[in-house]
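These notes are about the structure you will find just below.
The values are calculated or read from the model by the stated rules, or taken from the named source; none is laboratory data. Predicted model, so just to flag it, every value in this text is computed and none were measured. For neighbour counting, all protein chains shown are included, and Cβ atoms are generated from backbone atoms with ideal geometry for every residue, glycine included. The accessibility values were calculated without ligands, DNA or RNA, using every heavy atom of the protein model including side chains. Shrake-Rupley method; radii C 1.70, N 1.55, O 1.52, S 1.80 Å.
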Amino acid sequence: MKRSRLPCMNEVLQSSPAVKQPKLGCCPSLSQTHMCAALLDWGNLPHHVVLRVFQYLPLIDRARASSVCRRWNEVFHIPDLWRKFEFELNQSATSYFNSTHPDLIQQIIKKHAAHLQYVSFKVDSSTESAEAACDILSQLVNCSIQTLGLISTAKPSFMNMSKSHFVSALTVLFVNSKSLSSIKIEDTPVDDPSLSILVANNSDTLRRLKMSSCPHVSSDGILCVADHCQGLRELALNYYMLSDELLLALSNETHVNLEHLRIDVVSENPGQIEFHSIKRQSWDALTKHSPGVNVVMYFFLYEEEMETFFREETPVTHLYFGHSVSKEILGRLGLNCPRLIELVVCANGLQVIDNELICIAEHCKNLTALGLSECEVSCSAFIEFVRLCGRKLTHLSIMEEVLIPDDVYSLDEIHTEVSKYLGRIWFPDVMPLW
């Protein structure tokens with residue numbers, strides 16, 4: 001398999017001190033020609049070059065390439081190539097991505113399980129794929145995995161499988177991997193007992209835990225993690241798991257500074273209106289212990305469900321409203337969210353939010369990003385908002401339909417005024433017409 005005239009190979013030869021280049025104007029001898037031809041054989045590429053190429057290939061292409069020559073086959077089995085791997089599992093009739101071949105999966109488990117460190121499972125919406133992922137998990141007994149991710153590409157398929165099967169497979173991994181540092185197990189039936197096993201075996205190494213939408217985990221279960229995993233820096237969970245006790249545990253003097261706390265606020269039950277509140281003292285303890293922590297909140301509630309929130313000062317930094325949010329709640333943000341950095345409002349209805357937006361600009365001095373859709377803001381109020389924020393407003397995504405012309409500014413004039421205060425060219429976003 002020789003490519004004696006490939007430009008990229010010529011560049012490699014020219015930059016390599018091992019190859020003596022013929023002088024210009026002289027014809028190379030026959031022996032030199034044979035030498036160059038031998039060196040241009042792809043099979044003679046250095047191991048580290050082939051390894052780098054293999055790292056960019058999908059598994060099936062990597063396996064095919066390993067049969068080209070003995071040297072490439074040797075590279076195929078180098079441990080560095082198997083430290084990071086994603087298992088893709090799907091039912092071919094209903095999925096758009098290729099599935100990892102069963103024979104290759106068995107080869108990985110048999111020959112390379114001990115080398116795996118960063119592992120993820122990408123499954124489609126079928127229960128069969130989720131069960132296949134758990135079957136693989138239960139076989140990873142001779143490994144030291146550091147990062148684990150369970151990803152459902154459509155609906156949460158892990159939630160549809162047997163809870164005992166899932167927990168059993170996950171427990172095998174938790175027991176045998178003594179150095180887990182990052183875990184993403186969102187939308188899964190993980191429970192409190194399995195978290196206790198995780199803590200018992202990986203408390204010294206766990207740094208990141210993402211487990212939103214895990215209905216079998218209680219606030220006590222996540223509190224156990226915070227109490228024992230003193231090195232935890234990033235945590236993602238649902239609001240129902242959040243408690244004053246959890247925030248105080250994360251603020252303990254023996255705990256490292258928390259860097260990222262993500263909270264998904266969703267209804268536990270259809271029609272739920274009341275939510276528990278978190279004391280301001282608990283939030284204060286967290287920000288005092290970890291002054292640089294990013295508190296990210298995603299709201300998937302309707303207006304009548306949000307009465308509990310933002311009545312007191314809340315140290316949220318990134319705030320996303322997925323459903324309609326009332327003028328009253330937006331008004332509270334300016335008064336009680338002084339650390340706010342990013343705000344996205346997907347909908348507000350037909351009420352103009354001029355005063356609320358200006359209040360946010362006046363009181364949220366760290367605000368650098370704003371996104372608005374399906375709201376109404378007058379052009380004058382929006383320009384005043386941008387003037388107050390100034391050039392620190394680095395991300396501004398506003399649908400054109402949001403801006404309402406008034407007696408002072410029209411839609412044709414607004415981009416000029418906004419661009420002046422931002423110090424860069426800006427235009428509102430436009431919904432494409434298909």
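Quick look at the values:
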read-out: Filter pass, GLY334 being without any contact (Cβ under 8 Å) to a residue 60 or more places away in the chain, over 28 Å from GLU305 (Cα atoms) and either of a type in the set (Gly, Ala, Ser) or not in a strand (DSSP E or B) (or both); value: no
read-out: Members of the stretch 390-433 found to be within 22 Å of VAL345 (Cβ to Cβ), part of a helix (DSSP H, G or I) and of a type outside the set (D, E, K, R), listed by number; value: GLY390, VAL402, LEU411, ILE414, HIS415, VAL418, TYR421, LEU422
read-out: Selection count, the stretch 61-75, where residues are β-branched (Val, Ile, Thr) and either crowded, with 17+ Cβ neighbours inside 10 Å or within 31 Å of the chain's Cα centre (by Cα) (or both); value: 1
read-out: Selection from the stretch 139-150 of residues that are aliphatic (A, V, I, L, M) and either over 26 Å from HIS115 (Cβ atoms) or surrounded by fewer than 18 Cβ atoms within 10 Å (Cβ to Cβ) (or both); value: VAL141
read-out: Single unsatisfied condition, ALA154 versus (1) among the small types (Gly, Ala, Ser); (2) assigned to a loop (DSSP other than H, G, I, E, B); (3) over 20 Å from the mean Cα position of the chain (by Cα); value: (3)
read-out: Qualifying residue in the stretch 378-398 (condition: in contact (Cβ under 8 Å) with a residue 40 or more places away in the chain, surrounded by 18 or more Cβ atoms within 10 Å (Cβ to Cβ) and touching a Pro at 6+ places or on another chain (Cβ under 6 Å)); value: no
read-out: Qualifying position, being of a type outside the set (S, T, N, Q) and buried (at least 18 other Cβ atoms within 10 Å of the Cβ), among GLY334, GLY292; value: GLY334
read-out: Output for the stretch 114-138, where each listed residue is modelled with pLDDT of 90 or more and assigned to a loop (DSSP other than H, G, I, E, B); value: SER138
read-out: Condition check for LEU370: open to solvent by less than 20 Å² (accessible area, probe 1.4 Å) and assigned to a strand (DSSP E or B); value: yes
read-out: Cβ pairs under 9 Å, 6+ apart, first in the stretch 155-170 and of a type in the set (Val, Ile, Thr), second in a helix (DSSP H, G or I); value: VAL167/PRO193; VAL167/SER194
read-out: Single residue of CYS346, CYS375 found to be modelled with pLDDT under 95, open to solvent by 20 Å² or more (accessible area, probe 1.4 Å) and within 29 Å of the chain's Cα centre (by Cα); value: CYS346
read-out: GLU307 being out of contact with any strand residue (DSSP E or B) (no Cβ under 7 Å at 6 or more places or on another chain), within 25 Å of LEU370 (Cα to Cα) and at pLDDT below 95; value: yes
read-out: Failed criterion for ALA113 (all others in (1) under 24 Å from SER168 (Cα atoms); (2) open to solvent by 40 Å² or more (accessible area, probe 1.4 Å) hold); value: (2)
